[in-house]
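The values are calculated or read from the model by the stated rules, or taken from the named source; none is laboratory data. It should be emphasised that the depicted structure is a prediction, and the values quoted were computed from it without experimental measurement. Virtual Cβ from ideal backbone geometry, glycine too; neighbours counted across all protein chains shown. Each accessible area value is taken on the protein alone, full model and side chains, heavy atoms only, with ligands, DNA and RNA left out. Shrake-Rupley method; radii C 1.70, N 1.55, O 1.52, S 1.80 Å.
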Amino acid sequence: MSQSLPCIVLVGRPNVGKSTLFNRLIRSNRAITHDRPGITRDRMEGLVRRKGLPAFGIVDTGGITLDAHAAVTEGPEGIRGFEQDILNQAEDALAGAAVVAFVVDGRDGLLPLDEYLAAHVRRKGLPTLCVVNKVDGAEREDEQTAEFHSLGFPLVAVSAEHGHNLRALVEDLAAMLPEAACPAEPPAPPALRLAMLGRPNAGKSSLINALSGEQRMIVSDVAGTTRDSVDVRFAKNGLEYVFVDTAGVRRRTRITDNVEKYSVNAAIKSSTKADVTLLVLDAAEGVSQQDKRLMDMLDTRKTPFMVLINKCDLVPRGSLAQLKKNVTELLAFCGHVPMLPVSAASGKDLHKILPLARKIHEECSIRIPTGQLNRAMEEVLTRHQPPVVKRVRAKFFYLTQAETAPPTFVFFVSDAERVPESYTRYLERALRKIFGISHAPMRIHLRSSHKKKS
């Protein structure tokens, strides 16, 4: 979410439907929704756009179960132990809010916790709209909203699940925004989108907090703390980035919880939508079978990625050297992928991550003129001719670049079946060296043709 857009924050107790409402407003199933209370922990950001209305940012927060001054108490099982962290995340979101959408449950009615939270929000002095959720039709509005008028906020009844009255909600929220905060057009999206991927407790959230310079993600020794794929936007050296923190990815055979299944699916999906994926390994744990599977998946999909060996300050120097050797051997099938030992705790080599990610992204976008490609092809063929297969040597006629992201090159040859895989790998290495494509994935296609293209 751009810093120049006004921001509306969704707050409320657990299980009132904030995340479902968030998904409806941004028109995307970004936040994981479930009947179980406490699914959302970290705050999530999105953009609301409707024809004829100013665009604005929207922030989903976790369900709040305790007051600002009380000690941590036991809440629903899904957030037990994270109550204070969730409250801190909500407070940070409210600090930058232009408007508060205070969400309550029309089916449950007004509860004491709703009244307490309403008083807490009122002390912020922000324009606040009471959103009575789970009201499934106009005929139920009077009955299910009556007692919420006592909170003293303007009120709108909606059903996030069924879409009832959502246009009215967006209009009401937009009308409450300060006029000066409503630009005519939202600015361009950030330049680089980076997805964090890895096993649970590898330190993905800690890395994001360290790189962004703020406690944007809840960090805990408890594996599986992060559930949603959470966008974290920040600027560094005048350049904008979006980090997507994802849930830890375990083997599917070990996943028995539906929420974890949704989290893992969202994590894998995020890696396909990012510009560059950062695969995070835990130096203290070494390389697992799941890490190998993730490497293989990313390479098969030709996803631009790098490997970060996090927590390298926790292992002896000799053990780290052996781990780096093991990872290098595992990456032999995709030798272009860079590896970087880092530490979120000590800050070791964190400054190298963003420039390296930007370099990978720039290489993915490279476009080479056809004439330059064919001169390179002649040079490559002269240096090392294709081997003779079944007493015939394949003839190479023409080379062109079919697409970018990743760079994809098509060789037109007399008979593609006569070109062995080893020679295709040679062609890739040669093209990488000539055109300086060090770390981006690359696709090489061989297409049979009986004549040279004119």
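Can you work out which of the residues in the stretch 370-406 that are part of a helix (DSSP H, G or I) and among the basic types (Lys, Arg) is surrounded by the most Cβ atoms within 10 Å (Cβ to Cβ)? Walk me through it before giving the result.
Of all residues in the stretch 370-406, those part of a helix (DSSP H, G or I) come to 370-383.
If we keep only those that are among the basic types (Lys, Arg) as well, we get 375, 383.
Details: Arg375: 13, Arg383: 9.
Step by step, filter the stretch 370-406, then rank; the result is Arg375.
Could you list, in sequence order, all residues of the stretch 273-332 that are part of a helix (DSSP H, G or I), hydroxyl-bearing (Ser, Thr, Tyr) and under 27 Å from Ile444 (Cα atoms)? Before the answer, list the steps.
Initial filter on the stretch 273-332 (part of a helix (DSSP H, G or I)): 273, 289-300, 312-314, 317-332.
Then drop every residue that is not hydroxyl-bearing (Ser, Thr, Tyr), which leaves 300, 319, 328.
Answer for the stretch 273-332, where residues must be part of a helix (DSSP H, G or I), hydroxyl-bearing (Ser, Thr, Tyr) and under 27 Å from Ile444 (Cα atoms): Thr300, Thr328.
Checking every residue in the stretch 421-433 against the condition of being part of a strand (DSSP E or B) and of a type outside the set (Phe, Trp, Tyr) gives zero matches.
Does Leu356 satisfy the condition of being touching a Pro at 6+ places or on another chain (Cβ under 7 Å), part of a helix (DSSP H, G or I), open to solvent by less than 50 Å² (accessible area, probe 1.4 Å) and on the phi < 0 side of the Ramachandran plot? Give the steps one after another, and end with the answer.
Numbers: touching a Pro at 6+ places or on another chain (Cβ under 7 Å): yes; part of a helix (DSSP H, G or I): yes; open to solvent by less than 50 Å² (accessible area, probe 1.4 Å): yes; on the phi < 0 side of the Ramachandran plot: yes.
So Leu356 passes the test.
Evaluation of Ser414 against the conditions (1) under 20 Å from Thr300 (Cα atoms); (2) hydroxyl-bearing (Ser, Thr, Tyr); (3) out of contact with any strand residue (DSSP E or B) (no Cβ under 6 Å at 6 or more places or on another chain) shows that the sole unmet condition is (1).
Once the stretch 412-451 is narrowed to residues that are open to solvent by less than 50 Å² (accessible area, probe 1.4 Å) and acidic (Asp, Glu), the residue that is farthest from Pro386 (Cα to Cα) is Glu428. Pull up the stretch 133-161, narrow it to residues that are under 30 Å from the mean Cα position of the chain (by Cα) and not in a loop (DSSP other than H, G, I, E, B), then point me to the one that is surrounded by the fewest Cβ atoms within 10 Å (Cβ to Cβ). So the residue we want is Ser159. Take the conditions (1) assigned to a loop (DSSP other than H, G, I, E, B); (2) in contact with a strand residue (DSSP E or B) (Cβ under 8 Å, 6 or more places away or on another chain); Ser438 misses just one of them, which is (2).
Let's see how each residue does on (1) surrounded by 16 or more Cβ atoms within 10 Å (Cβ to Cβ); (2) modelled with pLDDT of 90 or more:
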{"site": "Asp257", "(1), (2)": "no, no"}
{"site": "Ala266", "(1), (2)": "yes, no"}
{"site": "Met295", "(1), (2)": "yes, yes"}
{"site": "Val307", "(1), (2)": "yes, yes"}
{"site": "Asn310", "(1), (2)": "yes, yes"}
{"site": "Gly318", "(1), (2)": "no, no"}
{"site": "Lys325", "(1), (2)": "no, yes"}
{"site": "Leu340", "(1), (2)": "yes, yes"}
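Here Leu169 passes the criteria (1) more than 31 Å from the chain's Cα centre (by Cα); (2) at pLDDT 85 or above; (3) in a helix (DSSP H, G or I) except the one numbered (1). The C-beta contact set for the stretch 151-180 (first residue closer than 19 Å to Leu110 by Cβ, second residue surrounded by fewer than 13 Cβ atoms within 10 Å (Cβ to Cβ) and hydrophobic (A, V, I, L, M, F, W, C), distance under 8 angstrom, 6+ apart or interchain) comprises Val156/Ala168; Val158/Ala168.
Here is a yes/no grid of residues against (1) touching a residue at least 12 places away in the same chain (Cβ under 8 Å); (2) of a type in the set (Asp, Glu):
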position	(1), (2)
Leu110	yes, no
Asp114	yes, yes
Leu117	yes, no
Val135	yes, no
Asp142	no, yes
